[in-house]
Amino acid sequence: MIDFLKSILGREPAGSKNLAKERLRLVLVHDRATVSPHLLESLKEDLIKVISNYMEIDREALDVQLNRDDDSVALVANIPVLKMKRTYQDAQV
Amino acid sequence: MGEVIVITSGKGGVGKTTTTANIGTGLAALGYKVVLIDTDIGLRNLDVVMGLENRIVYDLVDVTQGHCRLKQALIKDKRFDGLFLLPAAQTKDKTAVNAEDMKKLCSELEKEFDYILIDCPAGIEQGFKNAIAGAQKAIIVTTPEVSAVRDADRIIGLLEANNLKSPRLIINRIRPDMVKRGDMMNIDDMLDILAIDLMGVVPDDEYIVVSTNKGEPAVLDMNSRAGQAYRNIARRITGEEVPLINLEYEDGLLNKLKRLLGLKG
């Protein structure tokens with residue numbers, strides 16, 4: 001009944017601005033990811049740098065992608081490990 | 001040395017031209033020497049918003065192609081001695097001017113004027129590239145709508161890629177009543193999403209239509225709330241700290257009466 005009254009008054013309980021914000025947030029994740037095509041490349045470089053501190057990885061086979069669904073965007077990385085580094089572990093002990 | 005500021009938005013119809021006319025007139029009213037450049041070739045409008053459409057002899061393309069001297073094409077405003085308009089060409093297309101032309105033109109105007117405001121066309125093609133080429137600063141106009149904010153975000157990215165860092169945002173046509181009931185994004189929502197600094201907020205004001213009808217920028221009307229917002233923005237451009245106008249303010253005696261009689265919450 002209350003919902004009915006609210007709909008007559010043309011007012012949603014939460015207001016439509018939250019819907020606007022959520023839709024914008026998503027669309028901008030998509031937009032920003034496509035605006036800079038070199039983004040993934042520079043991300044890859046940084047990833048290699050960080051991961052190399054811990055393990056030896058196969059740089060050539062490294063694969064980083066943004067997977068887009070309707071309601072989410074995910075960063076998916078496939079990074080083949082060649083060898084674990086012992087030095088870092090040792091340093092921690 | 002003057003400051004070259006481009007006023008841009010990506011999306012059309014959010015109020016770039018109105019903003020340019022009002023800020024420019026506001027700066028001139030403060031005593032600065034100002035020139036407004038309409039770069040929307042083929043769809044010029046800044047002339048009518050300024051009420052100067054009958055005075056056009058030469059235009060931007062005439063200048064860049066050397067058909068006339070720069071001084072000949074500058075139209076002096078009716079109201080302020082220090083305010084000038086360089087109109088866009090109406091019969092050519094956007095390819096008639098290039099980025100190099102604009103850079104040269106802007107550096108020429110910098111010597112004479114305190115502020116050079118460039119009214120950018122909608123879109124991100126050649127007209128946009130021309131408009132931003134000679135600019136040192138950028139103002140982005142948006143409205144509290146998903147489409148306008150999205151385009152503003154795209155424009156911010158393009159400006160940064162073109163070395164126009166830290167553009168500032170004008171939120172146009174905000175409606176305090178809708179914000180209050182949660183049906184319109186508020187100032188913080190938009191600043192949060194776009195992650196840029198605020199230049200000003202202009203409330204939705206039907207007087208803007210009246211002022212455009214007359215060809216007299218609202219910034220000169222002391223009763224217009226949008227005009228007040230534009231006066232504040234003009235002062236902020238000069239470096240002054242001016243607080244945002246109070247959007248909660250209920251205007252008009254009629255509203256007060258209505259509230260008194262319990263007709264309005």
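Nothing in this text is a laboratory measurement; each read-out follows from the coordinates by a stated rule. None of the values given here were measured: they were computed from a predicted structure. Cβ atoms come from the backbone with ideal geometry, glycine included; neighbour counts cover every protein chain shown.
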Label-point separation (nm) for B:GLU241 and A:ARG59, each offset 7 Å from Cα along Cα-to-Cβ? 5.1 nm
Provide Rg over Rh for chain B; use the alpha carbon set for both Rg and the Kirkwood Rh (inverse mean inverse pair distance). 0.98
Trypsin sites (Lys or Arg not before Pro) within the range A:16-64: which are DSSP loop residues with at most 15 other Cβ atoms inside 10 Å? A:ARG59
Longest exposed-loop-site-free stretch of chain B, with trypsin sites (Lys or Arg not before Pro), DSSP loop and at most 10 other Cβ within 10 Å? B:1-110
Between beta-carbons, use under 12 Å as the cut-off and find the net charge around B:HIS67, counting Lys and Arg +1, Asp and Glu -1. 0
19 Å reach of a label modelled at B:ARG79, 7 Å along Cα-to-Cβ, counting backbone N of the range B:221-245: B:221-238
For the range A:15-80, max minus min Cα coordinate along each principal axis, in Å, sorted largest first? 52, 19, 18
How much FRET efficiency would the formula 1/(1 + (r/R0)^6) give for B:MET222 and B:SER107, where r is the Cβ-Cβ distance and R0 is 35 Å, rounded to 0.05? 0.45
With label points built 7 Å along Cα→Cβ from the Cα atoms of A:VAL29 and A:ILE79, find their separation and express it in nm. 2.1 nm
Order of B:ASP183, B:ASP40, A:ASP58 under a 10 Å beta carbon neighbour criterion, fewest first: A:ASP58, B:ASP183, B:ASP40
For the range B:137-254, with equal point scatterers placed on the C-alpha atoms only and solvent neglected, what are the log10 I(q)/I(0) values from the Debye formula at q = 0.18 1/Å, to two decimals? -1.01
Shape descriptors of the protein assembly as shown over alpha-carbon atoms, Rg and Dmax in angstrom, are 25.1, 83
Out of all DSSP beta bridges in the protein assembly as shown, what portion is antiparallel? Express it as a percent rounded to 5. 30 percent
Ranked by Cβ crowding within 10 angstrom, fewest neighbours first, how are B:TYR230, B:TYR32 ordered? B:TYR32, B:TYR230
Straight-line reach from A:LYS21: which aspartates and glutamates have Cα under 13 Å away, leaving out those fewer than 8 places along the same chain? B:GLU145, B:ASP183, B:ASP188, B:ASP189, B:ASP192
Modelled label-to-label distance, B:SER166 and B:GLN136, 7 Å Cα→beta-carbon offset: nm? 1.4 nm
Between B:ASP93 and A:LEU40, Cβ-based FRET efficiency (R0 35 Å, step 0.05) works out to 0.45
Scoring only Lys, Arg, Asp and Glu (+1, +1, -1, -1) among other residues with Cβ under 11 Å from the Cβ of B:GLY200 yields +3
By its C-alpha gyration tensor, with a ≥ b ≥ c as the square roots of the eigenvalues, how is the range B:195-249 shaped: rounded for a/c under 1.5, else prolate for a/b larger than b/c, else oblate? prolate
Least to most buried among B:MET190, B:MET178, B:MET1, by other C-beta atoms within 10 Å and fewest first, runs B:MET1, B:MET178, B:MET190
Most fluctuating residue of B:THR212, B:THR64, B:THR91 in a GNM of chain B with Cα springs under 10 Å: which is it? B:THR91
